[in-house]
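Engineer: Please read through the structure below; I'll follow up with questions.
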Amino acid sequence: MRLGAHLSIKNGFDGALAKAVELGCDGFQMFAGNPRGWARKPLDESEYQKFMAKRAATDIWPVVVHLSYLPNPASEDDELYEKSVLTFVEDFRRANRLGADFFVFHPGKAKGASMEQAMERAAAAVNRVLEEVDGPTVLLFENQAGAGTEIAATLESLADLIGRIKHPERIGICWDTCHAYAAGYDMATEEGCATVFEGFRKYIGLEYLKLFHLNDCLGKLGSGLDRHQHIGAGEIGLAGFAWILNHAMLGRVPGILETPQENEGDDLRNLATLRSLIRKG
Ligand SMILES: [Zn+2]
Ligand SMILES: [Zn+2]
């Protein structure tokens with residue numbers, strides 16, 4: 001499996017790329033702007049050119065862009081919804097201009113509205129984003145932990161969302177192991193994993209599975225608690241990750257770490273742990 005981590009853009013997009021190379025990542029993920037702000041200053045064309053030129057000199061794949069934290073594309077509040085879609089469009093446009101392979105977003109939460117209304121709004125947001133932005137980047141729905149009124153925490157809900165999108169060839173799924181575990185999918189055992197991906201095949205189709213977020217989980221199975229943990233140090237443990245990494249088909253889907261970055265070397269250690277689980281030959 002090609003492996004990488006979510007990396008900071010404090011030194012620019014090409015700074016994140018350089019860090020990925022330094023860490024020995026096969027691919028990496030980054031934000032397209034300040035993840036805690038709405039404002040997006042126009043970027044100079046040279047930013048994109050510089051990134052693409054530098055990437056061309058590496059064998060980094062995939063490059064993933066993650067939507068910032070603030071947007072809620074399922075929001076029932078008209079003002080927040082509109083703001084969310086605008087930031088979504090701008091970040092997705094940036095991802096396409098960077099030549100990113102994938103763009104990941106959280107489908108959002110219903111808050112005071114019904115789940116059905118939230119599903120409809122999230123689907124409408126994605127249809128608008130795809131209409132307004134053309135390019136090579138595949139848009140990935142990320143499964144959520146199911147806290148409160150979050151949508152897209154189940155395979156059925158993800159399948160329902162995909163069914164509402166006008167251009168299914170431009171979308172896919174990013175499966176976050178921590179969110180799945182928190183939502184009640186047993187990613188900790190071989191039998192559990194086998195059942196989960198049989199469900200994935202049945203409800204969605206494995207051709208839609210484009211990316212993994214490989215995170216261990218601090219919370220218990222079904223707790224709804226979205227707290228990422230170092231690989232092997234949480235409730236999932238090593239057996240589930242080993243099963244995924246060595247699976248003939250799933251092992252060809254790339255994986256990105258979003259594990260805590262508290263101490264120097266955390267990403268390197270988590271990458272090494274995952275790589276140690278891959279059986280040779
Ligand atoms: Zn994730
Ligand atoms: Zn998360």
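Engineer: Taking amide H atoms as placed 1.01 Å from N in the peptide plane, list the residues 5 or more away in sequence, or in a different chain, whose amide H sits under 5 Å from that of Cys174.
Structural biologist: Here Phe141, Glu142, Asn143 satisfy the definition.
Engineer: Using only alpha carbon pairs under 8 Å that are at least six residues apart, calculate the relative contact order of the chain and give it in whole percent. Write out the running numbers ahead of the final one.
Structural biologist: Working: 582 pairs, mean separation 44.6, N = 281.
So the answer I get is 16 percent.
Engineer: Sort the following peptides by mean Cβ neighbour count (other Cβ atoms within 10 Å, averaged over residues), highest first: 140-146, 157-163.
Structural biologist: 140-146, 157-163
Engineer: Related question: Using a 7 Å offset from the Cα along the Cα-to-Cβ direction at both Asn11 and Lys83, what is the distance between the two label points in nm, to one decimal?
Structural biologist: So the two model labels end up 3.3 nm from each other.
Engineer: Once the dipole of the chain is set up with Lys and Arg at +1 and Asp and Glu at -1 on Cβ about the Cα centre, which of Leu140, Phe13, Ala118 lies farthest towards its positive end?
Structural biologist: Phe13
Engineer: In debye, nearest 20, what is the charge dipole magnitude of the chain about its Cα centre with +1 on Lys and Arg Cβ and -1 on Asp and Glu Cβ, if you could check?
Structural biologist: Roughly 580 debye for the chain.
Engineer: Still on this model: Normalised by the residues of region 32-81, what does the relative contact order come to in percent, with Cα pairs under 8 Å and at least six apart? It would help to have the intermediate numbers written out before the result.
Structural biologist: Numbers: 25 pairs, mean separation 24.2, N = 50.
Relative contact order, region 32-81: 48 percent.
Engineer: Of the peptides 227-236, 129-138, 259-268, 113-122, how do they stack up when ordered by the mean number of other Cβ atoms within 10 Å, highest first?
Structural biologist: Peptide ranking by packing, descending: 227-236, 113-122, 129-138, 259-268.
Engineer: Same structure, new question: Provide the per-residue ³J(HN,Hα) series for region 88-104, in order, calculated from phi with Karplus coefficients 6.51, -1.76, 1.60 and θ = phi - 60°, each as a whole number of Hz, with x at glycine and proline positions.
Structural biologist: The phi angles translate into 4, 4, 5, 5, 5, 4, 4, 4, 5, 6, 7, x, 4, 7, 9, 10, 9 Hz.
Engineer: Oh, and also: Taking Cβ-Cβ under 4.7 Å as the only way to count a partner, pick out the unpartnered cysteines of the chain.
Structural biologist: Flagged as lacking a Cys partner: Cys25, Cys174, Cys193.
Engineer: Order the peptides 189-202, 7-20, 90-103 from the highest to the lowest mean number of other Cβ atoms within 10 Å of their residues.
Structural biologist: So the peptides 189-202, 7-20, 90-103, ranked by packing, come out 90-103, 7-20, 189-202.
Engineer: Give the residue from Val104, Leu221, Ala182 lying farthest towards the positive end of the charge dipole for the chain; charges sit on Cβ (+1 for Lys and Arg, -1 for Asp and Glu) and the dipole is referred to the Cα centre.
Structural biologist: Val104
Engineer: Search the structure for amide H atoms under 5 Å from the amide H of Phe31, placed 1.01 Å from N in the peptide plane, and list their residues when 5 or more places away or on another chain.
Structural biologist: Those lying under 5 Å, H to H, from Phe31 are Ile9, His66.
Engineer: I've got another one for you. Size of the dipole of region 83-197 about the Cα centre, Lys and Arg at +1 and Asp and Glu at -1 on the beta carbon, nothing else charged, in debye to 20?
Structural biologist: Magnitude of the dipole: close to 580 debye.
Engineer: 5 Å is the cut-off here: which amide hydrogens, built 1.01 Å from N in the peptide plane, fall below it relative to Val138, excluding neighbours closer than 5 in sequence?
Structural biologist: Correct list: Phe102, Phe103.
Engineer: Taking the Cα centre of region 149-224 as origin and charging only Cβ (+1 Lys, Arg; -1 Asp, Glu), how large is the dipole, in debye to the nearest 20? Could the numbers behind the result be given before it?
Structural biologist: Working: 7 positive and 11 negative charges, 69 e Å.
With Lys and Arg at +1 and Asp and Glu at -1, about 320 debye.
Engineer: Now for a different question. Pairs of alpha-carbon atoms within less than 8 angstrom and 6+ residues apart define the contacts here; what relative contact order does region 193-281 have, in percent?
Structural biologist: Value for region 193-281: 29 percent.
Engineer: Okay, next question. Per the Kirkwood formula on distinct C-alpha pairs, the Rh of region 44-101 is how many angstrom?
Structural biologist: Result for region 44-101, one decimal place: 12.8 Å.
Engineer: Please express the shape of the chain as an equivalent ellipsoid: the semi-axes are the square roots of 5 times the eigenvalues of the C-alpha gyration tensor, given largest first in whole angstrom.
Structural biologist: Values for the chain, descending: 26, 25, 17 Å.
Engineer: So what are the ³J(HN,Hα) numbers for region 52-64, from phi and the Karplus equation (6.51, -1.76, 1.60; θ = phi - 60°), rounded to whole Hz, Gly and Pro as x?
Structural biologist: 5, 5, 5, 5, 4, 8, 10, 10, 5, 7, x, 9, 10
Engineer: With labels modelled as points extended 7 Å from the Cα through the Cβ direction, what inter-label distance (nm, one decimal) is found for Glu264 paired with Trp38?
Structural biologist: Simple spin-label model gives 4.0 nm for this pair.
Taken together, the values in this text are just the output of simple stated rules run on the coordinates, not laboratory data. Quantities reported herein were computed from a predicted structural model and do not represent experimental measurements. We place every Cβ from the backbone using ideal geometry, glycine too, and count neighbours over all the protein chains shown.
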